[in-house]
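Down below is the structure, laid out as structure tokens.
The values are calculated or read from the model by the stated rules, or taken from the named source; none is laboratory data. Everything numeric in this text was worked out from a predicted model, so none of it was measured. Note that each Cβ is placed from the backbone with ideal geometry, even for glycine, and that neighbours are counted across all protein chains shown.
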Amino acid sequence: MRIALLGAGAIGTIIGALLTEGGHDAELVDNYKEHVEALRASGAKIVGGIEKSVPVKAIYPDELSGKYDLVISLTKHNAIEESLLNIKPFTRDSAIILTLQNGMPEEKSKRIFQESNLMGGGVEFSGTFMGPGVSKLASGKETLGVSFGSFEGPVTDKVLEVQKIMESVGHTEITDNLKGVRWTKLTDNSCFSGLATALGCTVGEILDDDFAMDCIAYTGMECADIIAKLGIKPVELFGLLPTRERVCFDNSEEKEKVKNYWKKVYTPFRAQIASMLQDIRSGKKCEINNINGETVRVAKTLGIDVPFNRKIVELVTKLQDKEISLKHAWENLNEFKRLKEV
């Protein structure tokens, strides 16, 4: 099966390297010149949770050729439609489009491809882009894995075929409940990616601060309320299952139990630097509107108040637009303290 991996950033580089090492015909497609040239010259170097260098095929989008059987989409949200339109002439009619972005990327990919061609899911590990040709696995080796399923739901022969391929990356979980996977992952990102970006810090710094963990508890509870109101059954990913029973609370004693639950789940990810924070540090626009912004939009349609998610969107947007300084982002905790005073 011929594979094109669109978006060879931190996560894409790791996946592309492991697929190649597993004997699959994978091409890493990206337009970052220095990165593509480094991959061509020296291969993909992975540091952190695993240490290895793997020779890979790396190309620019205008070098696509032939026909691909599997497209793994890992571009930023604002590039999803353009990248899929660009590769569509190079895909077979039966091609599988596997979207592994955060948020709800299938809403964009289904504008380009038939729903029967679509699969989606989420990665369960964390990656940090270290520089051209180099990505860091910022979580333990045991976190390497992917949960995914078909857009239409059933576990088909094609789904099983993709599972065998993705086993080169790590453990794979198949689901017939893609919405459940998406909302668990969106909760994950809304909490630890969103807040970590708003505070300009690592996951570990949040885990070590009691009030920051309060913010995680409130943000997670907002997400769980949305999931319950939507009638979606979340799917457990890397130990996270954002049901009301797991992450909601009515008093301080219950809140401490919820915080301990979050700590247990996220301790393996202490070194994680959110991709949104990496983007802002690089002077790029981040995906806040597709993460906490998506949570806020859905909450509004349901009549649910989500002040912590709203505040995260507000702060990250200001950091992105340089209205407030990233250097002093940790002080943004005071903004959340004011939420509790209202």
Completion exercise
Selection from the range 297-318 of residues crowded, with 24+ Cβ neighbours inside 10 Å, in a helix (DSSP H, G or I) and of a type in the set (A, V, I, L, M, F, W, C) yields PHE308, ILE312, LEU315, VAL316
Practice task
Report yes if some residue within the range 19-26 is part of a strand (DSSP E or B), of a type in the set (Ser, Thr, Tyr) and free of Cβ contacts under 8 Å to residues at least 40 places away in the same chain; otherwise report no.
Solution key: no
Exercise for the section: Return a yes/no flag: does the range 256-270 have any residue that is among the hydrophobic types (A, V, I, L, M, F, W, C), outside any helix (DSSP H, G or I), more than 19 Å from ASN290 (Cα to Cα) and under 19 Å from the mean Cα position of the chain (by Cα). Expected result: no
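Within the range 33-91, which residues are in a loop (DSSP other than H, G, I, E, B), surrounded by fewer than 16 Cβ atoms within 10 Å (Cβ to Cβ), within 24 Å of the chain's Cα centre (by Cα) and touching a residue at least 12 places away in the same chain (Cβ under 8 Å)?
ILE50, TYR60
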Handout entry: Unique residue being farther than 30 Å from GLU331 by Cβ and buried (at least 22 other Cβ atoms within 10 Å of the Cβ) when the list is GLY180, GLY121, GLY145, GLY153
Key = GLY121
Practice task
Would you be able to say whether some residue in the range 94-103 is closer than 26 Å to ASN289 by Cα and out of contact with any Ser or Thr (no Cβ under 9 Å at 6 or more places or on another chain)?
Solution key: yes
Handout entry: Pairs where the first residue, in the range 286-312, is farther than 16 Å from MET221 by Cβ and assigned by TED's automatic domain parsing to the domain that holds ILE227 and the second is of a type in the set (Asp, Glu) and surrounded by 18 or more Cβ atoms within 10 Å (Cβ to Cβ), C-beta under 9 Å, 6+ apart
Key = CYS286/ASP279; GLU287/ASP279; GLY293/GLU287
Handout entry: Among the residues listed as GLU222, GLU287, GLU314, the single one being farther than 22 Å from ASN334 by Cβ and charged (D, E, K, R)
Key = GLU287
Exercise for the section: Collect the residues in the range 115-126 that are touching a residue at least 60 places away in the same chain (Cβ under 8 Å) and either assigned to a loop (DSSP other than H, G, I, E, B) or farther than 26 Å from VAL296 by Cα (or both), keeping them in residue-number order. Expected result: GLU124, PHE125, SER126
Practice task
Determine which member of the set ALA41, ALA4, ALA10, ALA17 is among the hydrophobic types (A, V, I, L, M, F, W, C) and out of contact with any strand residue (DSSP E or B) (no Cβ under 8 Å at 6 or more places or on another chain).
Solution key: ALA41
Fill in the blank from the handout: Result of the Cβ filter at 9 Å on the range 240-268, keeping first residues that are without any contact (Cβ under 8 Å) to a residue 40 or more places away in the chain and surrounded by 13 or more Cβ atoms within 10 Å (Cβ to Cβ) and partners that are part of a loop (DSSP other than H, G, I, E, B) and among the basic types (Lys, Arg), at least 6 apart or interchain, is THR243/LYS233
Exercise for the section: Name the single residue, out of those in the range 92-114 being of a type in the set (A, V, I, L, M, F, W, C) and not in a loop (DSSP other than H, G, I, E, B), that is farthest from LYS285 (Cα to Cα). Expected result: ALA95
Exercise for the section: Kindly indicate whether GLU142 is outside the structural domain of GLY303 (by TED's automatic domain parsing) and touching a Pro at 6+ places or on another chain (Cβ under 9 Å). Expected result: yes
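Residue-wise test of (1) more than 20 Å from VAL296 (Cβ to Cβ); (2) in a helix (DSSP H, G or I); (3) under 23 Å from the mean Cα position of the chain (by Cα).
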site: GLY204; (1), (2), (3): yes, yes, yes
site: TYR218; (1), (2), (3): no, yes, yes
site: CYS223; (1), (2), (3): no, yes, yes
site: GLU245; (1), (2), (3): yes, yes, no
site: ASP250; (1), (2), (3): yes, no, no
Handout entry: Count of residues meeting criterion [touching a strand residue (DSSP E or B) at 6+ places or on another chain (Cβ under 7 Å) and part of a loop (DSSP other than H, G, I, E, B)] in the range 271-290
Key = 1
Handout entry: Pick from the range 127-138, criterion in contact with a strand residue (DSSP E or B) (Cβ under 8 Å, 6 or more places away or on another chain) and not in a strand (DSSP E or B), ranking: nearest to THR75 (Cα to Cα)
Key = GLY133
Practice task
Could you check ILE112 against (1) touching a residue at least 40 places away in the same chain (Cβ under 8 Å); (2) farther than 30 Å from VAL203 by Cα; (3) β-branched (Val, Ile, Thr) and say which number it fails?
Solution key: (1)
